[in-house]
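Following: one structure in structure tokens, then a few remarks.
Nothing in this text is a laboratory measurement; each read-out follows from the coordinates by a stated rule. None of these values were measured; they are calculated from a predicted model.
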Amino acid sequence: MSGAVRSAMDQGWDCHAHLFGPYARYPLGADRSYTPPEALQAGYLALLQRLGLSNGVLVQPSAYGEDHGLLLDTLSALPQLRGVVVMRAEAAHRLRGLRARGVRGARFSQRSAMGSNFAGSASLQDLEDMAGALASEGLHAELWTDCKALPDIAPRLRKLPLPIVIDHMGGFDAAAGVDEPGFRLLLSLLEAGTVWVKLCAYRNVLSDADLERARPFHDLMLKANPEQLVWGSDWPHLRVTPVPDAQQLLDTFKRWAGDDERVRQVLQGNPARLYG
């Protein structure tokens, strides 16, 4: 590893992770759709140290609904971390002051396989209804969606007055290939600066042991707009068996990125602008 890459990682960011528990203090929501094992603060800090990264972004998991106790307590204790909350439009007044507490965005869901919403999540309609409040508080919107859903929602995204961050590389379909219309639309949104994208390739090839199948999608995103890409480990890899090695995922990103400057841009420069 070159000195430049080592420097980027020393101040680098993991932009997508979740915490769970301890459940005796932070119980899960009653209407959750899954019950994960505990994934504690100490475990995540150990991961960052192992990866050689100094900063992280914690995303509110749907199993906690809109109870942000664990997230906010962690941000208070660990100023090197940032947070993304989940909040529905009727609670938009609760956004006030969150940026000062380390929050940088709110997460919404609009996936083709589940309709507009599911337990513990906020919808695209919620995002539209509270977009002004988010923008006025200096927060961005994070959207969990997929390429199949994008053609229907892209016109709505283009109208929003705040940054949009797309989770998990937009849920592309590796079997459909890079010319699938939804993926091409995602590339056009990225190229135009309408969206940011979190690079998290493995989530889209879970049924395939060969992570390299995701590389053509990754390469095209890097070509479309490297200034609006960030990388996320997705720790603790919810409902994935076998659990991937985050170090291998990071090493794969660095290899695919191709040069030290690109690694530095995605791990350090871009997330510092978005979350710093």
Rounded to two decimal places and with Rh computed the Kirkwood way over Cα pairs, what is Rg over Rh for segment 1-108? 1.01
When the gyration tensor of segment 111-246 is built from Cα positions, what are the square roots of 5 times its three eigenvalues, in whole Å, from largest to smallest? 24, 17, 15
Skipping prolines and chain starts, which residues have an amide H placed within reach, meaning under 5 Å, of the one on His140, given they are 5 or more residues away or on another chain? Gly105, Ala106
In Å, what Kirkwood hydrodynamic radius results for segment 196-250 from the alpha-carbon pair distances? 12.0 Å
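Just for segment 3-275, what percent of DSSP beta bridges are antiparallel, to the closest 5?
Here the antiparallel bridges make up roughly 5 percent for segment 3-275.
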Counting alpha carbon pairs within less than 8 Å and at least 6 residues apart, what relative contact order, in whole percent, applies to the chain? 19 percent
For the chain, max minus min Cα coordinate along each principal axis, in Å, sorted largest first? 43, 41, 35
